[in-house]
Amino acid sequence: MATATREKPWWKTFLTPGWVIAAILIVAFSYFAFTLLAPWQLGKNQALEERNEHIEHAFETDPVPYGEVIGPDGSFDAAEEWTRVTLTGHYVPDGEVLLRLRPVDKTPAFQILTPFALDSGETVLVNRGWVPARDGGTQVPDYPAAPSEQVTVTGFLRASEPEHTTPPMSDQGHEMVYSISTGQISGLTGLNLAAPYVQLTSDQPGVVEAIPLPVLETGNHLSYGLQWIGFGVLAPAGLIYFIWAETRERRRYREEQEELLVDAPAPSRGRYGETRRNPWATAYDRQEER
């Protein structure tokens, strides 16, 4: 009597290196899509939306004195960035530095950063604008000096940038930096600068060429974030589909094999008692019977 063979559980079919590696890669991809890539793009979209709201609000309200926004310790709320503020005092040209390797409107440029001493006693770094670089973006052109008399200027309150990894340098008679880090510039000039700086608007005393405002749009960050979420969902869904398709195909193949065994004719018994289907033996038996 033939013994029935026990069928292997379906899930053991997928315990092969190929399926296991594919599952690990897909799970890792979905994890990073949900926890890193999608939040990265959605966070950038949210930050741009908040920036645009701050700029729009700045133009809807009148400028306020610098001291009303900045705390006694020189700090300010990040939500106050892009607020229009007024400064009354005088420039400190001896502490002027240039920001290099920061193009403006895709043009190689130098930005002019000049400290401004307020009548109230604080010193604020002011971005007076930019000038196009010469000779392939390496030479500093002549530009107007800051006025020496007392003035009142209006500009946008900006947060200090992180300190650049490249140290400041002295070139062509100017101290140059690679980021608008008020802490780094304080150490370079010996002045105690407030944490935020001010970016001048057009037609202000001392402005050279005002830095253009950012375009009030968010770009494609929202759609990119949603795409990463979609990819994170589709990847495991695709794996599940292929597992289902493989299981269905194996079941179909097994059923076909079972049907072939059921429909197969019974084997003829050989002359010598062995079970076989031999057409030559069958012909020989017919000749003997005659």
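For segment 241-255, state whether one or more residues are in a loop (DSSP other than H, G, I, E, B) and out of contact with any strand residue (DSSP E or B) (no Cβ under 8 Å at 6 or more places or on another chain). Within segment 241-255, not a single residue is in a loop (DSSP other than H, G, I, E, B) and out of contact with any strand residue (DSSP E or B) (no Cβ under 8 Å at 6 or more places or on another chain). Across segment 42-96, the number of residues qualifying as under 20 Å from Ile185 (Cα atoms), among the small types (Gly, Ala, Ser) and surrounded by fewer than 18 Cβ atoms within 10 Å (Cβ to Cβ) comes to 2.
Within the bounds of segment 105-116, is there any residue that is more than 27 Å from the chain's Cα centre (by Cα), under 30 Å from His57 (Cα atoms) and not in a strand (DSSP E or B)? The answer is no; no qualifying residue exists.
For every residue, the table says whether it meets (1) over 16 Å from Pro196 (Cα atoms); (2) free of Cβ contacts under 8 Å to residues at least 24 places away in the same chain; (3) of a type in the set (Phe, Trp, Tyr).
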| site | (1), (2), (3) |
| --- | --- |
| Asp73 | no, yes, no |
| Phe76 | no, no, yes |
| Tyr91 | yes, no, yes |
| Lys106 | yes, yes, no |
| Gln111 | yes, no, no |
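Consider Gly219 carefully, then state whether it is within 17 Å of the chain's Cα centre (by Cα), closer than 30 Å to Ile26 by Cα and in a loop (DSSP other than H, G, I, E, B). It is true that Gly219 is within 17 Å of the chain's Cα centre (by Cα), closer than 30 Å to Ile26 by Cα and in a loop (DSSP other than H, G, I, E, B). As a summary of the residue check, Pro141 satisfies the conditions (1) at pLDDT 95 or above; (2) in contact with a Lys or Arg (Cβ under 6 Å, 6 or more places away or on another chain) except for the one numbered (1).
Quick grid of which residues meet (1) within 30 Å of the chain's Cα centre (by Cα); (2) farther than 14 Å from Ile112 by Cβ; (3) of a type in the set (Phe, Trp, Tyr):
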| residue | (1), (2), (3) |
| --- | --- |
| Ala145 | no, no, no |
| Thr154 | no, yes, no |
| Arg158 | yes, yes, no |
| Glu163 | yes, yes, no |
| Thr166 | yes, yes, no |
| Tyr178 | yes, yes, yes |
| Ser181 | yes, yes, no |
| Leu188 | no, yes, no |
| Leu191 | no, yes, no |
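For segment 136-215, the strands (runs of 3 or more DSSP E) that sit wholly inside it and include 1 or more residues that are surrounded by 14 or more Cβ atoms within 10 Å (Cβ to Cβ), of a type outside the set (A, V, I, L, M, F, W, C) and touching a residue at least 24 places away in the same chain (Cβ under 8 Å) are 151-158, 174-177, 197-200.
The values are calculated or read from the model by the stated rules, or taken from the named source; none is laboratory data. Please read all numbers here as calculations on a predicted model, not as lab measurements. Counting neighbours? That spans all protein chains shown, and the Cβs are built from the backbone with ideal geometry, glycine included.
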